[in-house]
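A short worksheet on the structure shown next.
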Amino acid sequence: MSESLEKLQNRILSDARLKAEGTIREAQAKAQQILEEARQRAQKESEEIISKAKVEAESVRRSILSSKVRVNRLRILEEKNRIVQDIIHNVQNQLSNIARTDQFENTAQRFVAEAVKAVESEQPIVRIGFKDATKKNLDGVSRVLPKGGKLVIDEKPIDDFGGVIATDPEGRVVFNNTFKSRLERLDNHLLTLIASTVFAE
Amino acid sequence: MVDEAAARAQKVISETREQAELIRQEAVASAQGRGEGILREAKEKAEAEARQSDQETEQVLDTFRKLSDERKAVAVGKAVELILNS
C-alpha cells in the first residue's frame, strides 16, 4: 500500500513537473512571439515615420524653391518691363520733338495722306498738331489735301505726342493718325522689336 | 510547482511585453530623430538652392542692365522708325 502511494506520489510529481515545464516552454515561446511581433511593428512604424518625413521634406523643399523661383521670375519680368518702358518713354520723347527734325515735313505729309485716304471723303477735315510745329514747316501738308479738304492746325500737340486726325465733313468717319494711336496700334510689334533688340543673345 | 510555473510564465510574458514596448519606443524615437534630420537637410538644401537662385537672378539682372545701356539707343531708333513708317 505504502509502495503504491509512493508511486502515485511520484507520478503526480512527475506530471506536475511536466506540466510546469510545458507552461514555461509555452511562456517562452509566447515571449519570443511577442518580441518578434514588437520588432516587426517597430520596423513598420519606423518606416512609416521615415516615409512621412521624406514626403514632408520634399514638400518643404518644393515650397521654399517654388516661392523663391516665383519671386525671382517676377524680379526679372519687372526689370525687363522697366527697361522696355524706359525705352518707350524715350521713343515718345523723340516722337514729341519730331517737329525739330528734318524728318518732320515728310512725316506730317505722309500722316495726313494716310488719314485722308482712310476716311475716303472728298472734303476731309484734317486736324494737325505737333509740339513746336510752325506754319512754315506745315506748308507742305496742304499739298496732300484734296481740293475740298480743310486743314485745322492745333497749336498744341494732339493726344499728348502730336499727330493728325481726319474726319469726313459729318464727323461719322474718323481716322486717328496721332503718335499715341500709332503706338497703340503697333503695341505688340513695338514690344517685340524692343525686346528682341535689347535682350536677344 | 504548477502554480509557481504559471506565475513564472506570467512574469516572463509580462517582462517580455515591457521589453517589447521599450524596443518599439526606441525604434520610433530613432526614426523620429532620423525624420527630423531628413527634414532639416531638405530645408538647408532648399535654402542653399534658393540662395543660388538669388545669385543667378542678380547676374541676369546685371546682364539686362548692361544690355540696356549698350542697346538702348539702337532700340529707340528702331522703335521710332517703326512708328513713323509702319
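Readers should treat all values here as calculations from the given coordinates under stated rules, not as data from a laboratory. If you're wondering where the values come from, they're calculated on a predicted model, not measured in any experiment. Because the Cβ atoms are built from the backbone with ideal geometry, glycine has one as well, and the counts that use them run over all protein chains shown.
The spread of Cα positions in the stretch A:1-96, taken along each principal axis and listed from longest to shortest, comes to 140, 8, 8 Å. If R0 is taken as 51 Å, the Cβ-Cβ distance between A:ASN97 and B:VAL60 corresponds to a FRET efficiency of 0.90. Spread over its residues, the convex hull of the C-alpha atoms of the stretch A:108-184 is 78 Å³ per residue. Between A:GLN43 and A:ARG62, the simple spin-label model (points 7 angstrom out along Cα→Cβ) gives 3.1 nm.
Restriction of the GluC sites (Glu not before Pro) in the stretch A:1-96 to DSSP coil positions whose beta-carbon has at most 15 other beta-carbons within 10 angstrom yields no sites. If R0 is taken as 51 Å, the Cβ-Cβ distance between A:LYS117 and A:ARG70 corresponds to a FRET efficiency of 0.55. Its relative contact order, with pairs defined as Cα atoms under 8 Å and 6+ residues apart, puts chain A at 17 percent.
When the pairs A:LYS68/B:LYS45; A:LYS44/B:LYS43; A:LYS117/A:LYS147; A:LYS180/B:LYS66 are compared against a 22 Å limit on Cα-Cα distance, A:LYS44/B:LYS43; A:LYS180/B:LYS66 fall above it. Step by step: find N for the protein assembly as shown, compute 2.2 N^0.38 Å, then divide the Cα radius of gyration by it. What's the final number? With N residues counted in the protein assembly as shown, Rg over 2.2 N^0.38 Å equals 2.43. When you filter the trypsin sites (Lys or Arg not before Pro) in the stretch A:116-201 for DSSP loop state and at most 15 other Cβ atoms inside 10 Å of their Cβ, you are left with A:LYS135, A:LYS147, A:ARG172. Each part reduced to its alpha carbon centroid, the stretch B:1-79 and the stretch A:11-54 end up 36 Å apart.
Since only A:ALA166, A:ILE125, A:GLY149 are under comparison, the one whose Cα sits farthest along the positive direction of the charge dipole of the stretch A:101-199, derived from C-beta charges on Lys, Arg, Asp and Glu, is A:GLY149.
Provide the FRET efficiency to the nearest 0.05 for the B:GLN32-A:ARG11 pair, computing r from the beta carbons and using R0 = 45 Å. E(calc), rounded to 0.05, equals 0.20. Computed over the protein assembly as shown, the per-residue total of -39500 (n - 2.57) for DSSP H runs of n ≥ 4 gives a 222 nm mean residue ellipticity of -28000 deg cm²/dmol, rounded to 500. Let me know the shape class of chain B, please: from the alpha-carbon gyration tensor, a ≥ b ≥ c as square roots of the eigenvalues, rounded when a/c is under 1.5, otherwise prolate if a/b is greater than b/c, or oblate. The shape class here is prolate.
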